[in-house]
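Q: Got a structure for you, written out below as structure tokens; questions coming shortly.
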Amino acid sequence: MVNPCAPGAPSLATLGCSKILVTITDKDEFKDRDILYYESVKRSEWQGQVELFEGGDEAHGFQIFKPETDRAKHMIKRLASFLV
């Protein structure tokens, strides 16, 4: 596994895509790392579009375990619209 934010890591400016959607939730144990990644991409010379989606007061992967909730439906719709 590579830490893209570590000193000496390859430049994020060379990412091979045109857009990135970083999703976070308030109870996600990876929230701080995800925000660091989002901010690192924004600061890089990458020419694509990076977005941050905040899913609210939920845990990591909530949309998989509770897909019937309004927040999960909102996140799933956002993910789907990002892919098209």
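Q: Need the full-extension length gain, LYS66 to VAL2, defined as separation in residues times 0.36 nm minus the C-alpha distance. One decimal, nm.
A: Working: separation 64, 0.36 × 64 = 23.04 nm, distance 3.06 nm.
Full extension from LYS66 to VAL2 adds 20.0 nm.
Q: Which GluC sites (Glu not before Pro) does the range 16-84 hold that lie in a coil by DSSP with at most 14 other beta carbons within 10 Å?
A: On the way: sites: GLU29, GLU39, GLU45, GLU51, GLU54, GLU58, GLU68; in loops: GLU29, GLU45, GLU58, GLU68.
The qualifying sites are GLU29, GLU45, GLU68.
Q: Considering only protein heavy atoms, with the full assembly of protein chains and a 1.4 angstrom probe, order ASP26, ASP32 by accessible area, largest first. Mind dumping the intermediate values first?
A: Values: ASP26 85, ASP32 125 Å².
The ordering from most to least exposed comes out as ASP32, ASP26.
Q: Mind listing the phi-derived Karplus ³J(HN,Hα) values for the range 16-23, rounded to whole Hz, using 6.51, -1.76 and 1.60 with θ = phi - 60°, and x for any glycine or proline?
A: These are the phi-based 3J(HN,Hα) values: x, 9, 9, 8, 9, 10, 9, 10 Hz.
Q: Next question, about the same structure. For the pair GLN47 and ILE35, how long in nm is the line joining their label points, each one 7 Å along Cα→Cβ?
A: So the two model labels end up 3.1 nm from each other.
Q: Taking a 1.4 Å probe, which of ILE76, ILE24, ILE35, ILE64 shows the most accessible area, and what order do the others take after it? Present the calculation step by step, with values, prior to reporting the outcome.
A: Details: ILE76 75, ILE24 5, ILE35 45, ILE64 120 Å².
If we order ILE76, ILE24, ILE35, ILE64 from most to least accessible, we get ILE64, ILE76, ILE35, ILE24.
Q: Next question, about the same structure. Under the rule of at least 5 residues apart or a separate chain, name every residue whose amide H is placed under 5 Å from the amide H of ILE20.
A: Those lying under 5 Å, H to H, from ILE20 are GLN49, VAL50, GLU51.
Q: In square nanometres, what is one fourth of the surface area of the convex hull spanned by the alpha carbons of the chain? Walk me through the numbers on the way to the answer.
A: On the way: hull surface 24.3 nm².
Its average projected convex-hull area is 6.1 nm².
Q: Sticking with this structure for a sec: Quick one: 3J(HN,Hα) in Hz for the range 47-63, Karplus 6.51/-1.76/1.60 with θ = phi - 60°, rounded, Gly and Pro as x.
A: My calculation for the range 47-63 gives 9, x, 10, 10, 10, 10, 10, 9, x, x, 7, 9, 8, 4, x, 4, 5 Hz in order.
Q: Right, something else. Excluding residues fewer than 8 places away in the same chain, name every one of the aspartates and glutamates whose C-alpha is closer than 12 Å to that of LYS19.
A: Result set, ordered by chain and number: GLU51.
Q: Ok, one more. Per the 1.4 Å probe, what fraction of the accessible area of the chain, in percent, lies on carbon and sulfur atoms?
A: Values: 3230 of 5860 Å².
Here carbon and sulfur together make up 55 percent of the probe-accessible area.
Q: Separate question: Could you state the accessible area per residue of the range 19-83 in Å², with a 1.4 Å probe and every protein chain left in place?
A: Values: 4320 Å² over 65 residues.
Result: 67 Å² per residue.
Q: Roll a 1.4 Å probe over the protein heavy atoms and report the accessible area of THR23 in Å², nearest 10.
A: Solvent-accessible area, nearest 10 Å²: 40 Å².
Q: A further question on this structure: Report, to the nearest 10°, how far helix 31-43 tilts away from the longest principal axis of the Cα atoms in the chain, using its own Cα long axis and a range of 0 to 90°.
A: Computed tilt is about 40 degrees.
The values are calculated or read from the model by the stated rules, or taken from the named source; none is laboratory data. Just so we're clear, the structure is a prediction, and the values are computed from it rather than from any experiment. We place every Cβ from the backbone using ideal geometry, glycine too, and count neighbours over all the protein chains shown. Remember, those area values only see protein heavy atoms, side chains included, never the ligands or the DNA or RNA. Shrake-Rupley method; radii C 1.70, N 1.55, O 1.52, S 1.80 Å.
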